[in-house]
Each structure stands twice: as structure tokens, then as C-alpha cells.
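Remarks on the structure that follows.
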Amino acid sequence: IQNASLGEGRDGILLNDTTSQTTVFSNYFAYDDGSAESAVAAQEGDLIAVKFTSSVDDTLRGVQFHFPHLLSDVTTQDFNIKVWIGDLEGEEDFSMNLLNPVYPDVVYDTLQGFSSFPLRNNSGGLTPVALPAGDFYIAWEQQSPCDFTDCIPVGMDRNNPAALSTLFYSDGSNGFEPFPQNFTPGALMVRPV
């Protein structure tokens, strides 16, 4: 074996025997890689939930969403954030209502930016939510009437097909169901902080 840039035989192989990867540990959970290839929109009253698992007790302080720029400006639409701890049965453990999507203005790439929503109570005070180790769910509910093109879209990263198993849907009158297996797989760009 000979390669001019690597050397001959064993010496050439030893120069090319290592790989490296950078792993960034941040203050949020994410299934996405930060770029949206498509989007998912809920109709009025629909809820879409994403399951996360914390291996230690933690505190949920906010939620980040990627709202892609699509056909309509949805910044006047209302949505609710809901949090379930443990499972999706019964009433949510936390709710923040009548929020409006925000498009990031000053980020490196506003087309792929995230909007942050700190958790607040009805009086506007910060309200962190205690998370015991285990599963929890972050959901958004389309509150305003809309049709498909003007409902609030949330970015979908199609580079993580396994994340389809973390997605759940409810029409608001029935319990949650997993997304259908024939749905285009990917990760919704929802990040608990």
C-alpha cells in the first residue's frame, strides 16, 4: 500500500487510524439537528405532543420552537403550550395559553432559528416546572381558527426518522394516539429547556 500523502504500508495506516466527533451538551433536549426539511401544522383544537425522557430529576424552565417561514405570516395566530409529566393521561400538569409565534430576528440564520418561551404563570411570573426522572411530554395546541396554509407550522427535521416514535396527536376530544407509522418520519423541532 502506498499513498503519497499518507506514507507507505503500516505507517500510512497509522496516520489515518483516528476519528473524532464534537458533542455539545446544552441546557435543552433535542431530537433535531437544527435544520428543518419540512413542517407539521395542527388544526384548531388539535394537540401535538413530543415525548422526552430525563434520566435525572430536573427543572423545565421553557420551551423552544422552530416556526419556519412558509406561506403565511402566523404571528397573529394563538397557540397553547401544555406539559404532561409521566404520561399523557388526564389533565396537563402545566399550561401556558394564548401565545403567539415569534420569528427570530437576530440570529445567525433566521430561517432556522428558534423562538424561546419561558414558562410563566397567569400573572406573568416565571414558573419553572419540577420534572422527576422519567418521561414528560411537551405539546402545543392550535388555538386560533385556521385552515392548513395559515395554521402555525412547527419545523420537522427529517434526518432523524427514529424520532417518529416520540410524536403523539389528539383532536382535543379524545386521548392521544401515536403518529401513524406511514407519516413521513422525523423529529419535531420542539426543545424543552
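The values are calculated or read from the model by the stated rules, or taken from the named source; none is laboratory data. Since we're looking at a predicted model, the values are computed, not measured. Cβ sites come from the backbone with ideal geometry, for glycine too, and all protein chains shown count toward neighbours. Note: areas computed on protein heavy atoms with side chains; ligands, DNA, RNA excluded. Shrake-Rupley method; radii C 1.70, N 1.55, O 1.52, S 1.80 Å.
Of the residues PHE114, PHE179, which single one is touching a helix residue (DSSP H, G or I) at 6+ places or on another chain (Cβ under 8 Å) and either modelled with pLDDT under 95 or among the aromatic types (Phe, Trp, Tyr) (or both)? If you could, list the steps in order and put the result at the bottom.
Values: PHE114 fails: touching a helix residue (DSSP H, G or I) at 6+ places or on another chain (Cβ under 8 Å).
Of the residues listed, the single one that is touching a helix residue (DSSP H, G or I) at 6+ places or on another chain (Cβ under 8 Å) and either modelled with pLDDT under 95 or among the aromatic types (Phe, Trp, Tyr) (or both) is PHE179.
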Which of the residues belonging to segment 65-77 are in contact with a strand residue (DSSP E or B) (Cβ under 8 Å, 6 or more places away or on another chain) and surrounded by fewer than 18 Cβ atoms within 10 Å (Cβ to Cβ)?
LEU70
So how many residues does segment 1-30 have that are at pLDDT below 70, in contact with a strand residue (DSSP E or B) (Cβ under 6 Å, 6 or more places away or on another chain) and not in a helix (DSSP H, G or I)?
2
Can you confirm whether GLY134 is exposed (fewer than 15 other Cβ atoms within 10 Å of the Cβ) and touching a Gly at 6+ places or on another chain (Cβ under 6 Å)?
no
Restricting attention to segment 134-165, which residues are outside any helix (DSSP H, G or I), within 22 Å of ALA187 (Cα to Cα) and hydrophobic (A, V, I, L, M, F, W, C)?
PHE136, ILE138, ALA139, TRP140, CYS151, ILE152, VAL154, MET156
Given the conditions (1) closer than 19 Å to PRO101 by Cβ; (2) of a type outside the set (A, V, I, L, M); (3) touching a strand residue (DSSP E or B) at 6+ places or on another chain (Cβ under 7 Å), every one holds for PHE168 apart from (1)
Return a yes/no flag: does segment 107-129 have any residue that is assigned to a strand (DSSP E or B), open to solvent by less than 50 Å² (accessible area, probe 1.4 Å), of a type outside the set (D, E, K, R) and within 16 Å of ALA30 (Cβ to Cβ).
yes
Residues ASP87, ASP57, ASP33, ASP93: which one is surrounded by fewer than 17 Cβ atoms within 10 Å (Cβ to Cβ), closer than 18 Å to LEU164 by Cα and modelled with pLDDT of 95 or more?
ASP87
Going through segment 175-193 one residue at a time, which ones are closer than 14 Å to ALA139 by Cβ and open to solvent by 70 Å² or more (accessible area, probe 1.4 Å)?
GLU177, PRO178
